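J.: Take this structure, written in structure tokens, and hold onto it; I'll ask about it next.
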Amino acid sequence: MTDHNQKLVSLTIDGTPVEVPEGALIVNAARLVGIDIPVFCYHPKMEPVGMCRMCLVEIGRPIIDRATGQPVLDENGAPKIQFGPKLETACTTPVSPGMVVLGASEKAKAGRKDILEFLLTSHPLDCPVCDKGGECPLQNLTMGFGPGESRFLFDEKMKMDKHVPLGELIFLDRERCIQCARCVRFQDEIVDDPVIGFYQRGRSLEIVTYSEPGFDSYWSGNTTDICPVGALTTTDFRFRSRPWELRAAASICNQCPVGCNTTVNVRREASTGGNWTVKRVMPRQNEQVNEIWICDKGRFGYHYATHDGERLTQPLLRREGELQPASWEEALGVAAERLGQAGSGLFTLVGGRLANEDLFNLQQLTDALGGQSALYTHMGGGELTTQLGFAPGTNFGDMGAQSVILVVGSDLEEEAPLWWLRIKQAAQRGAKLIVLNARSTKLDRAADWVLRYPFGAAAAAVMALSNALSAKRPDLPEAVQELVRSPELRQAAKAFAEAQDAVILYGCDSMSLSESASLAQACANILLATGHTGRVNNGLLGVWPRPNDQGAWELGYRPHPDLAQALLSAKTLLIAAADPVSDDPSYQAAFGSDQFVIVQDLYLSATARLADVVLPAQSWLEHEGSFTSAERRVQRFAPALQPSTALPPITTSRGSNRAQLLMAARPDLQGPQADFAIPALLAARLNLDIQLSSESASLVFLRMAQASPAFAGLNYQRLAEVQPQWPIVGREDLYYGGTTYENSQGLGAHLSLPQATPSLAWPQLADFKLPKLGMIAFPITRLYDRGATLLRTSFLHQRTGEPYVVLNASDAARLKIQPGAMVRVNFTGTQNAVIVQARCSDELPERVLLAPRSFGIPIQEPIAVEVKPA
């Protein structure tokens, strides 16, 4: 809150001197010095409205001599203070010099007492069964400021509906609502989704939803956090636990590359045999990352990681053509033997859901055996984000009138919702926003310039932006020539070049791996040419498909340009947290009969079903570790659940087979193991001359920091450092910031940028043209997909929907396809075909078809297709 460039104002609140920036509200000024002024409708992230009147205070102001404009002094030389006749709202009144505020006076206390008595006239007496009980601002403030008894008759209380589904995620209890409008204002002001609102007037006022399906927003769960009563509750938590029964563990969301800070609430339950189970996921404050918000995917999408009937709990070995249960001793022995025989024929494929520690140990094992490793991803360009990424101290929250933000090839609300939110807010603060996409996205609403390029021409479009500054690449493809002539393009390019700070976010919407890599190079070129690198609030950011893709790039992982050939030619495959066969069944042909396949995963995925050895892994909720967000911020997460069986401490040491002896002495190892521990166990069996630890993630992190220049100087202590944040939120005064958890476990640490920067290089620009016959399918991303990590959250299925494709209305008419009808899509050059629902859009060009990734549709890059009615 404190801005050193702003003029400071001095005042007194309840006898305590306060100095705050000019324009600050009284309620926030009091907060800075630890004085609590109770509120219901006010929230520090939203504009004040003064609706609830709970923050009433007495305010005195210096008497000003009209002739001189100076304060009138008393006999002691102090300014004379004149108090107003009525109480005023602290949440709408800005501070002024010499102001005296009394929040603890009898008059102020009486006003608050009256407000609470009025609020309770129609509030139900159901605290014992209310989910908010134990963390309810109304309950707490009634105890602190309210009357001991009510003068109103119980029979006169309003009777309203108590179990109203606003949607399948949020329930409304209309009797409990105190009409503070926090939820309505949040949806309107903060997330630009005004899908709920007030209906009727007076005591009949109630919240309704205007959308179909109900409360159709990616942010609905946040309204339950800021609701000061139990009026709004989530389907996930409703009637399932009491807040005081819960244990809290600091975690990091692993649904996208933002790295939102979360708190996982768990408790023991009889239904799970006394084991710990996750009851809810809550936001944890980090003003540089997610502030105090999380999207609904991060809030509700954890179910895949919890213990259920589908989780792998013991190793599997293929015997007589079938996968059969085996002991860890037997499975590790077979796997280690085949790894040792593979040598340079080993190919390790890893997914971006793995923690840094997991990736490091897998890399060390593969390198020690002389094998090759690769990152499983459909997006390239990470070698540039490791060099031109965000510098330490970069924060979207600091970007304003001096900044320009370019978003290219990305539907941010679907791919990284918190970045969409924070960039929209930066634009509202004055930042210039350029959106460069092949199709419209919700971010267009906030943009100063919305530029369109033809599908398949993302890199060329960015080069056209560069050429608008100085024509260094005149031979741009014909597809972008119309964009080159656009005056809006020249205006946007000029604003970008002249900006004090500029950042670029690039994605892979409708692109292949190679095209996204070319796009990254084009983005790097314009950043280098305009000098927007190596400084705070400048640089390149990749909107990666998975939470730790950036960490994998920092550790040296790269995607293989021909993954199918790499899989086919390998002698032994080690696959961790990746499932290529589910994404594209044609990969199944790459698993030859002569190969030996080892898979470590949470579930028996389609790829795991082809394996010779399947090793059960722990979820991120069951062990500690760290993720590197796309902003290059390393953040630590703690275990929230206890795995079935803890791993015995084992550390491989150079020239020693003690670890093997330890394993032989512990044949009772059971249950899933951490992904970083499994390579250590295999290395122990092989007696490799490397140091790997299965004892703790912190030890792995230390060795990673020693071996990897990108992580040099970091440790878990650095990641655990905190600093004061504004607004000041906490669990002690829930009425101010809501039930968001304060962050006392660590804000993470930014990776330093390397000294050397890349030079300008020309990206490969294909002169892509749509066919005159047939269609081209382009992959897009949906927040709610049908991937393995979300499909197990059953109450999100309505939002996910069935697999579908989108095509131009003219194409649909030509093919005699009705909107909503089922169509058969054949993928040219493969044997893949799917039957999905058809949706129509007048916005798409003819011959273009959009297909969402992770929807059971085998598409990772643009591909020719044949579409016909099913």
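The values are calculated or read from the model by the stated rules, or taken from the named source; none is laboratory data. As the structure is a prediction and not an experimental result, all values here were calculated from the model. Glycine also receives a Cβ, built like all others from the backbone with ideal geometry; neighbour counts cover every protein chain displayed. Quick note on the areas: whole protein, heavy atoms, side chains included, nothing else; ligands and nucleic acids left out. Shrake-Rupley method; radii C 1.70, N 1.55, O 1.52, S 1.80 Å.
J.: How much length is gained on full extension from Val72 to Gln6, taking 0.36 nm per residue of separation minus their Cα-Cα distance?
T.: Taking 0.36 nm per residue and subtracting the Cα distance, the gain is 21.1 nm.
J.: Students sometimes get this wrong: rank Arg319, Arg151 by accessible area, probe 1.4 Å, all chains present, largest first.
T.: Arg151, Arg319
J.: When the accessible area of region 382-543 is computed with all protein chains present and a 1.4 Å probe, what percentage of it is carbon and sulfur?
T.: Carbon and sulfur together cover 48 percent of it.
J.: Now, a different point. As a test of understanding, state the convex hull volume per residue of region 394-461 from its alpha carbons, in Å³.
T.: Expressed per residue, the convex hull around the Cα atoms of region 394-461 is 86 Å³.
J.: At a Förster distance of 51 Å, what's the computed FRET efficiency of Lys107 paired with Ser486, Cβ-Cβ distance as r, to 0.05?
T.: The formula returns an efficiency of 0.20 here.
J.: Would you work out which of Cys91, Ile64, Gly103 lies farthest towards the positive end of the dipole of region 8-104, given +1 charges on the beta-carbon of Lys and Arg and -1 on that of Asp and Glu, about the Cα centre?
T.: The residue sitting most towards the positive pole is Cys91.
J.: State, to one decimal in nm², a quarter of the convex hull surface area for the C-alpha atoms of region 155-305, i.e. the direction-averaged projected area.
T.: Average projection, Cα convex hull of region 155-305: 10.6 nm².
J.: Something else about it: Counting heavy atoms of the protein chains only and a 1.4 Å probe, report the per residue accessible area for region 280-412 as a whole number of Å².
T.: Per residue, region 280-412 has an accessible area of 26 Å².
J.: Let me ask something additional. Please compute the length gained on full extension between Val536 and Glu47, using 0.36 nm multiplied by the number of residues separating them and subtracting their Cα-Cα distance.
T.: My answer for the length gained is 173.2 nm.
J.: What are the semi-axes of the equivalent ellipsoid of region 8-104, taken as the square roots of 5 times the eigenvalues of the Cα gyration tensor, listed largest first and rounded to whole Å?
T.: 25, 13, 12
J.: Name the long-range amide H neighbours of Val9: under 5 Å, sequence gap of 5 or more, or other chain; modelled H, no Pro or chain starts.
T.: Here Val20, Glu22 satisfy the definition.
J.: Now for a different question. Subtract the Cα-Cα distance of Leu815 and Asp114 from 0.36 nm times their separation in residues, and report this length gain in nm to one decimal.
T.: Additional length available on full extension: 245.5 nm.
J.: What order do Leu753, Leu702, Leu365 take when sorted by accessible area (1.4 Å probe), most exposed first?
T.: Leu702, Leu753, Leu365
J.: Same structure, new question: Within region 89-127, name every residue whose backbone N is under 16 Å away from a label modeled 7 Å from Cα of Ile64 along the Cβ vector.
T.: 94-100
J.: Now for a separate question. Place a point 7 Å from Cα of Glu866 in the direction of its Cβ. Which residues in region 580-624 have their backbone N less than 20 Å from it?
T.: The answer is 585-586, whose backbone nitrogens lie closer than 20 Å to the label point.
J.: With charges only on Cβ, +1 for K and R and -1 for D and E, what is the dipole size of region 97-173 about its Cα centre, in debye, rounded to 20?
T.: Here region 97-173 has a charge dipole of around 360 debye.
J.: Distance from the Cα centre of region 782-823 to that of region 296-366, in angstrom?
T.: Here the answer is 32 Å between Cα centres.
J.: For region 667-760, give the percent of accessible area contributed by carbon and sulfur heavy atoms, probe 1.4 Å, rounded to a whole number.
T.: In region 667-760, the share of accessible area belonging to carbon and sulfur is 47 percent.
J.: Can you give the accessible area of Glu47, probe radius 1.4 Å, in Å² rounded to 10?
T.: Its heavy atoms expose roughly 120 Å² to the probe.
J.: Quick one: of the DSSP bridges fully inside the chain, what percent are antiparallel, nearest 5?
T.: 55 percent
J.: Sticking with this one: Give me the percent of accessible area attributable to carbon and sulfur for region 1-139, probe 1.4 angstrom.
T.: Solvent-exposed carbon and sulfur of region 1-139 make up 53 percent of the total.
J.: Where a ≥ b ≥ c are the square roots of the eigenvalues of the C-alpha gyration tensor, would you call region 250-313 rounded, which needs a/c under 1.5, or, failing that, prolate if a/b is larger than b/c, or oblate?
T.: prolate
J.: At what distance in nm do the modelled label points of Asp689 and Phe795 sit from each other, each positioned 7 Å from its Cα along Cα→Cβ?
T.: With each label placed 7 Å out from Cα toward Cβ, I get 5.7 nm.
J.: In nanometres, what is the gap between the two model label sites at Gln324 and Thr16, each 7 Å from Cα along Cα-to-Cβ?
T.: With each label placed 7 Å out from Cα toward Cβ, I get 7.1 nm.
J.: Can you return the aspartates and glutamates within cross-link range of Lys86? Criterion is Cα-Cα under 17 Å, with same-chain partners fewer than 8 residues away left out.
T.: By straight Cα distance, Lys86 reaches Glu58, Glu106, Asp114.
J.: Any idea what % of Cα-Cα pairs in region 382-543 are farther than 22 Å?
T.: Pairs farther apart than 22 Å: 33 percent.
J.: So if we plug the beta-carbon distance of Glu245 and Lys159 into 1/(1 + (r/R0)^6) with R0 = 30 Å, what FRET efficiency do we get, rounded to 0.05?
T.: With a Förster radius of 30 Å, E is 0.50.
J.: When only Cα pairs under 8 Å and 6 or more residues apart are kept, what is the percent relative contact order across the chain?
T.: Value for the chain: 13 percent.
J.: Moving to a separate point now. Tabulate in residue order the Karplus-calculated ³J(HN,Hα) for region 788-795, using 6.51 cos²θ - 1.76 cosθ + 1.60 with θ = phi - 60°, rounded to whole Hz; enter x for Gly and Pro.
T.: Calculated HN-Hα couplings, in order: 4, 7, 10, 5, 7, 8, 4, 6 Hz.
J.: What is the dipole size for the chain, taken about its Cα centre, with +1 at each Lys and Arg Cβ and -1 at each Asp and Glu Cβ, in debye to the nearest 20?
T.: The dipole magnitude comes to about 400 debye.
J.: Next question. With +1 assigned to the C-beta of every Lys and Arg and -1 to the C-beta of every Asp and Glu, and no other charges, what is the dipole magnitude of region 8-104 about the Cα centre in debye, to the nearest 20?
T.: Magnitude of the dipole: close to 260 debye.
J.: Quick check on the chain: what are the equivalent-ellipsoid semi-axes from the Cα gyration tensor, as sqrt(5λ), descending, whole Å?
T.: The answer is 48, 34, 29 Å, longest axis first.
J.: Regarding region 775-869, what are the three Cα extents along the principal axes, ordered largest first, in Å?
T.: 38, 27, 21
J.: Of Ala838, Val867, Gln798, which is farthest towards the positive pole of region 775-869's charge dipole, taken about the Cα centre with +1 and -1 on the beta-carbons of Lys, Arg and Asp, Glu respectively?
T.: Gln798
J.: While we're on this one: Taking R0 as 45 Å, what's the FRET efficiency between Gln642 and Trp726 from their Cβ-Cβ distance, rounded to 0.05?
T.: The formula returns an efficiency of 0.80 here.
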